[in-house]
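These notes are about the structure you will find just below.
The values are calculated or read from the model by the stated rules, or taken from the named source; none is laboratory data. As the structure is a prediction and not an experimental result, all values here were calculated from the model. Neighbour counts run over all protein chains shown; Cβ positions are idealised from the backbone, glycine included.
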């Protein structure tokens, strides 16, 4: 998996969007708790993808991608909370959530295609 592959590019683009949303929520909405949690989970996706690429084994690769998937799911939940508490608009939510769901689908597909016959999952 190279630096120019889809999951690397999309997870980094999502992280940048999360950082910008965090800056907006901090400065304009004075929201500090959920935005900080979203910042952590949303930027962690790409970090774990990068770690997976440099993994020492297939097991390590799958473990790191599994963490990235969990962080994406957490980000999806935080976005839902921010929308349902009216910190972000429906337009902001739809756009960010679509990107997040796309990451979840890609990570799930990669994990499913990298399973061994020896996996017990």
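The table that follows gives values for the structure above.
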quantity: Residue 52 vs. criteria buried (at least 20 other Cβ atoms within 10 Å of the Cβ), in contact with a helix residue (DSSP H, G or I) (Cβ under 7 Å, 6 or more places away or on another chain), without any contact (Cβ under 8 Å) to a residue 60 or more places away in the chain and more than 21 Å from residue 90 (Cβ to Cβ); calculated: yes
quantity: Top-ranked residue in region 79-106 [being buried (at least 16 other Cβ atoms within 10 Å of the Cβ) and more than 15 Å from residue 41 (Cα to Cα); ranked as nearest to the chain's Cα centre (by Cα)]; calculated: 106
quantity: Residue among 41, 35, 75 that is without any contact (Cβ under 8 Å) to a residue 40 or more places away in the chain, in a helix (DSSP H, G or I) and surrounded by 15 or more Cβ atoms within 10 Å (Cβ to Cβ); calculated: 41
quantity: Which listed residue, of 109, 47, is under 14 Å from the mean Cα position of the chain (by Cα), at pLDDT 95 or above and part of a helix (DSSP H, G or I); calculated: 47
quantity: Residue tally, condition crowded, with 20+ Cβ neighbours inside 10 Å and over 18 Å from residue 113 (Cβ atoms), over region 55-72; calculated: 1
